[in-house]
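Here the structure comes first, spelled out in structure tokens, and everything after it is commentary.
The values are calculated or read from the model by the stated rules, or taken from the named source; none is laboratory data. Note that the coordinates shown come from a computational prediction; the quantities given were computed from them, not determined experimentally. So basically every Cβ, Gly included, is an ideal-geometry build from the backbone, and we count neighbours across all protein chains shown. Side chains included, ligands, DNA and RNA excluded: accessible areas come from the protein's heavy atoms. Shrake-Rupley method; radii C 1.70, N 1.55, O 1.52, S 1.80 Å.
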Amino acid sequence: MSDLDSFRLETRAWLEANCPAEMREPARDESDMCWGGRNPAFTNEAQKDWMEAMAARGWTVPDWPSEYGGGGFSPAQTKILKQEMARIGARNPLMSFGISMLGPALLKYGNEEQKKRFLTEIALGQIRWCQGYSEPGAGSDLASLQTKCEDKGDHWLVNGQKVWTSYADKADWIFCLVRTDPAAPKHQGISFLLFDMASPGVTTRPILLISGNSPFCETFFDDVKVPKDQLVGALNKGWDVAKYLLGHEREMISGMGLGGQTDSLGAGLADALAEDPILRADVARFDVDAMAFRAMSERFIDELKAGQAHPAQPSMMKYAGTELNKARHELVMAARGSNALEWESDRSKKGKAAREWLRTKANSIEGGTSEIQLGIVAKRILELPGA
Ligand SMILES: Cc1cc2nc3c(=O)[nH]c(=O)nc-3n(C[C@H](O)[C@H](O)[C@H](O)COP(=O)(O)OP(=O)(O)OC[C@H]3O[C@@H](n4cnc5c(N)ncnc54)[C@H](O)[C@@H]3O)c2cc1C
């Protein structure tokens with residue numbers, strides 16, 4: 001038996017013994033997931049036990065080095081752990097912008113002290129992070145951001161406003177893009193700063209959506225003092241860190257294309273499709289696209305882990321994955337007809353389809369719009385003239 005075969009058997013046995021039954025059911029929605037943080041809100045004991053058991057082994061971040069709280073796994077071992085978790089339907093033990101976004105950027109650009117402190121806290125689920133990139137005048141043109149950061153000798157002083165900051169009102173810390181040199185060309189005067197959301201001068205105002213939810217906030221900084229050692233990478237070189245992090249964010253969002261299921265959409269909608277040949281053909285086309293995306297995604301992740309992915313590949317994946325997810329939910333709504341528009345009853349049951357369908361509309365905006373991703377693909381992968 002090869003080393004990887006025995007690793008698979010050991011992993012399978014540990015998961016069987018330690019993953020609670022409740023954690024083998026899909027989460028109802030985002031509020032039913034474990035986000036960790038200074039004051040974690042667990043929906044039940046099983047969720048707490050599962051997060052803590054996985055974190056204790058470094059399995060919340062299996063491919064991070066063990067000195068920073070990770071599992072120290074190779075790409076092949078990481079893949080096996082994911083396959084074995086999928087085999088029993090085990091939930092992700094910890095949802096975290098720290099894991100999917102900040103961590104990879106710190107591994108590349110953080111100094112040793114920052115890695116030891118922040119990566120370990122992220123792996124253990126002790127700090128919940130939010131992302132301070134977008135501003136009222138800086139979305140697609142992110143490098144136009146104006147949040148001011150001045151060097152006051154023994155600290156940084158931050159003033160400005162962010163917008164669309166997901167879960168800012170629930171986060172403990174923020175990773176934030178700030179302007180440290182207003183005289184430099186726009187990409188060259190930006191720095192990447194980490195600070196505590198409990199710092200005096202930080203306020204958040206939730207943005208209420210038509211759905212009644214408030215998943216994101218306006219975030220204001222008024223004379224916020226930040227310790228000097230919380231700047232990541234070199235002063236005025238924050239754009240490099242920002243772009244690297246965005247690649248990981250786009251990789252994470254592209255996963256929506258997988259739909260969290262391996263069954264075909266056609267199989268799930270069989271009853272509705274029997275009487276409708278046109279819809280049946282649309283769903284069949286979708287299922288073929290979904291299979292192609294799954295194969296492309298697997299190859300992309302392997303290339304990424306081997307350091308062989310094109311730097312613009314996450315844009316391609318993000319575009320394909322999010323457009324696919326939007327198409328999936330359009331087809332579900334079309335197949336179920338007006339009944340699927342039901343809205344008011346228990347969200348975990350009937351009202352879910354309509355709410356999920358509307359949520360997917362944001363997939364091709366968050367993390368950079370589809371138009372922006374197509375522009376990057378045209379310029380950096382296809383090298384089209386004039387792009
Ligand atoms: C659900 C959700 C969560 C989010 N969470 C966060 C977060 O946590 N932190 C954060 O910082 N931000 C967050 N955002 C903000 C997100 O990053 C921005 O909405 C996004 O980058 C687009 O910026 P904008 O909204 O200002 O749109 P704009 O940049 O004003 O774009 C408007 C329209 O113009 C198009 N457009 C703009 N420029 C071009 C161009 N050059 N070529 C072609 N078309 C163009 C766009 O594609 C879009 O259709 C979130 C957004 C959503 C929807």
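Key figures
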item: 0 to 90° range, to nearest 10: angle between helix 75-87 axis and the chain longest Cα axis; result: 50
item: Mean separation of Cα contacts under 8 Å, 6 or more apart, over the residue count of the chain: relative contact order %; result: 12
item: Three-way shape call for the stretch 3-123 based on the alpha-carbon gyration tensor, with the a/c threshold at 1.5; result: oblate
item: Where only alpha carbons of the chain are counted, the Rg and the Dmax (Å); result: 21.7, 72
item: List ARG179, ARG280, ARG285, ordered by accessible area with a 1.4 Å probe, largest first; result: ARG285, ARG280, ARG179
item: Solvent exposure ordering (accessible area, 1.4 Å, most first) of PHE216, PHE175, PHE7; result: PHE216, PHE7, PHE175
item: The stretch 129-236: relative contact order as a whole-number percent, Cα under 8 Å and 6+ apart; result: 31
item: Cα shape, the stretch 271-344, gyration tensor, a/c 1.5 rule; result: prolate
item: The stretch 3-123, relative contact order in percent, only Cα pairs under 8 angstrom and at least six apart counted; result: 29
item: Among THR165, THR43, THR219: highest mean-square fluctuation, GNM of the chain, C-alpha pairs under 10 Å; result: THR43
item: For LYS305, net neighbour charge (Lys/Arg +1, Asp/Glu -1) across residues whose Cβ lies under 12 Å away; result: -2
item: For the chain, accessible area per residue (1.4 Å probe, heavy atoms of protein chains only), Å²; result: 50
item: Cut-off 12 Å between beta-carbons: net charge of the residues surrounding LEU209, Lys and Arg +1, Asp and Glu -1; result: +3
item: Over 27 Å between alpha carbons, listed pairs LYS237/LYS318; LYS352/LYS379; LYS108/LYS326; result: LYS352/LYS379; LYS108/LYS326
item: Helix-only CD estimate at 222 nm, as mean residue ellipticity for the chain, using -39500 (n - 2.57) per DSSP H run (n ≥ 4); result: -12000 deg cm²/dmol
item: Environment charge of GLN131, counting only residues whose C-beta is closer than 11 Å and scoring Lys/Arg +1, Asp/Glu -1; result: -1
item: Gyration tensor (alpha-carbon) shape descriptor, the stretch 229-330, a/c threshold 1.5; result: prolate
